[in-house]
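J.: Just dropping this structure here.
The values are calculated or read from the model by the stated rules, or taken from the named source; none is laboratory data. Source: prediction; values computed, not measured. Here the Cβ is made from the backbone with ideal geometry for all residues, glycine too, and neighbour counts use every protein chain on show. Only protein heavy atoms, including side chains, enter the accessible area calculation; ligands, DNA and RNA are left aside. Shrake-Rupley method; radii C 1.70, N 1.55, O 1.52, S 1.80 Å.
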Amino acid sequence: TRYDWLKLEANAYYNRLTNRTTATPAIATRLSNLSDGPYDTVTNSFGLSRAFSASYPGTYQIFGTELQGRFYLLSGLDLYLNYAFNKTLIPTLVNAEFPNGPDDSKRTAEHKFNTGVQYRSPIGLDLNLDFHAVTDTEWVLSLADQSSTTLTTPSYFMGNARLGYRLADDRLELAIVASNFTDFLIDNKHRQHPYGQLIAGRASATAALHF
């Protein structure tokens, strides 16, 4: 734009993915296939099932867009807004290796929102406040009995904050950072994978020396 206090940006993309390497449905261990080597000599045990990596012959099509605006409200103070959209068109080809069809996981959130404010004061005091929100994702996971299950990670939001101070002609910077500080205010823990670690609030102190 032609305004000094405003900056706008828009991006769009399209990806085409073929021969995606993915896991085949699990093959249960039976007496008939013990000779194939399911015995694990490290753990001295038999696995309940096995899965292999194979190239799925279908074609995935992924497209999306990202919109962003940054507003320079005052000297040292700016505000940003960001929105991203992602959509995957999943093929429907079924063959012997993939009798259940393709992995139709929605592992990337379709909608993502970001907003934040930053202030850099003349006396060296800095403040950053950011908020992030995403919609739910779905994960198709193989089970030992050759079936599969779909698990969902719910949509979530979180806030991050940083308070810093610059000194020694901006060569030294001290800061206190609070990641997912909203968990300190309300119970706002979340996961980014169904079996992933529960992400809770965390506070830390940092020091940076610039040469």
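J.: How many residues are of a type in the set (D, E, K, R) and surrounded by 14 or more Cβ atoms within 10 Å (Cβ to Cβ) if we restrict to the stretch 151-174?
T.: Residues in the stretch 151-174 being of a type in the set (D, E, K, R) and surrounded by 14 or more Cβ atoms within 10 Å (Cβ to Cβ): 3 in total.
J.: Conditions first: (1) open to solvent by 60 Å² or more (accessible area, probe 1.4 Å); (2) assigned to a strand (DSSP E or B); (3) over 19 Å from Thr108 (Cα atoms). Val177 passes all but one, so which condition is the exception?
T.: Of (1) open to solvent by 60 Å² or more (accessible area, probe 1.4 Å); (2) assigned to a strand (DSSP E or B); (3) over 19 Å from Thr108 (Cα atoms), only one is false for Val177: (1).
J.: Look through the stretch 105-139, keep the residues that are among the hydroxyl-bearing types (Ser, Thr, Tyr) and in a strand (DSSP E or B), and return whichever of them is farthest from Leu172 (Cα to Cα).
T.: Result: Thr137.
J.: Moving to a separate point now. Only one of Arg202, Arg191 is open to solvent by 40 Å² or more (accessible area, probe 1.4 Å) and closer than 18 Å to Asp136 by Cα. Can you tell me which?
T.: Criteria check complete, one pass: Arg191.
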